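The structure appears below as structure tokens.
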Amino acid sequence: MKRSRVNEILTEGDAFIRSFGYVMPPFACLSPDEMQARAGDLAQIRQRRLGWDVTDYGKGNFDSLGLFLFTVRNGDNADLASGRGMLYAEKIMISRRDQISPMHRHNIKAEDIINRGGGTLTLELFSRAPDGGIDEEAPVSVFCDGIARTLGPGDKLRLTPGESVTLMPNHWHAFWGEGADVLIGEVSTVNDDVTDNIFREPIGRFSTIEEDEAPLHLLVSDYDRFFAREN
């Protein structure tokens, strides 16, 4: 993706989020220079990969295959290993109309996916097979706002604004906005986008950025390179 396109997506996404009354945390407004100047103060933000995230999954067609995310808070794997401390994470995301977030699952993360407003959030669901792949025959059991639902393999679950679904590591899922763009909330156990995304197809979690202009804000995938001088 070109950085100029990423900058456009960030500007459009920020406006869309704010249109629903959701206020971003103060660090969302920081420029790359401000983040560099406050590197010491922002160490946890970088280490836990809080912040902006735009991905086309390495396929170069964001409008049809992509996702906008902002990680608001996140624990770390040491918390999970000890069973104490900050065991949770929160994201705000945007799934555009008919824009696919591809089929994937997690080994560790459980998550509530919440339609915070806009169109219908549609999910395609499968259960995990014993070998870790997709079970094409098993039913899918989930909870939607605390109420048990059972669907057939590959069935579509449609969430209108205010509705949510709880997904466990045994749930394969893809999702997209239907009818209009959708604002999505995610509340989960500790989030690790580097190692805990298992995709059905061999795709990348992060985009390769072509630097055709200066970044408006750093993406979480920029942190390692941008702050490499400190490591």
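Being touching a strand residue (DSSP E or B) at 6+ places or on another chain (Cβ under 6 Å) and open to solvent by 60 Å² or more (accessible area, probe 1.4 Å) is the filter here, so list the residues in region 161-191 that pass it. Of everything in region 161-191, those that are touching a strand residue (DSSP E or B) at 6+ places or on another chain (Cβ under 6 Å) and open to solvent by 60 Å² or more (accessible area, probe 1.4 Å) turn out to be 161, 163, 170, 178, 187. If you go through region 30-60 and keep only what is among the hydrophobic types (A, V, I, L, M, F, W, C) and in contact (Cβ under 8 Å) with a residue 24 or more places away in the chain, you end up with 30, 35, 39, 50, 52, 54.
Filter region 65-88 down to the residues that are touching a residue at least 60 places away in the same chain (Cβ under 8 Å) and in a helix (DSSP H, G or I) and list them by number. Listed by number, the residues that qualify are 77, 79, 80. Within region 192-231, the residues that satisfy the criterion of being over 22 Å from the mean Cα position of the chain (by Cα) and either open to solvent by 80 Å² or more (accessible area, probe 1.4 Å) or touching a residue at least 24 places away in the same chain (Cβ under 8 Å) (or both) are 211, 212, 213, 214, 227, 229, 230, 231. Take the conditions (1) exposed (fewer than 14 other Cβ atoms within 10 Å of the Cβ); (2) at pLDDT below 95; residue 20 misses just one of them, which is (2). Residue 131 passes every criterion in (1) open to solvent by 60 Å² or more (accessible area, probe 1.4 Å); (2) closer than 18 Å to residue 173 by Cα; (3) in a strand (DSSP E or B); (4) not hydrophobic (A, V, I, L, M, F, W, C) apart from (3).
For region 104-115, a residue qualifies if it is crowded, with 16+ Cβ neighbours inside 10 Å and not in a strand (DSSP E or B), and the qualifying residues are 106, 109. The condition of being within 30 Å of residue 9 (Cα to Cα), at pLDDT 95 or above and surrounded by fewer than 14 Cβ atoms within 10 Å (Cβ to Cβ) holds for only one of 95, 101, 64, that being 64. Filtered by the rule that a residue be over 16 Å from residue 215 (Cα atoms) and surrounded by 13 or more Cβ atoms within 10 Å (Cβ to Cβ), region 32-46 gives 38, 39, 42, 45, 46.
The values are calculated or read from the model by the stated rules, or taken from the named source; none is laboratory data. Predicted, not measured: the structure shown is a model, and the values here were computed from it. Quick reminder, even Gly has a Cβ in these numbers, built from the backbone with ideal geometry, and neighbours come from all protein chains shown. Note: accessible area is taken over every heavy atom of the protein model, side chains too, but ligands, DNA and RNA are not part of it. Shrake-Rupley method; radii C 1.70, N 1.55, O 1.52, S 1.80 Å.
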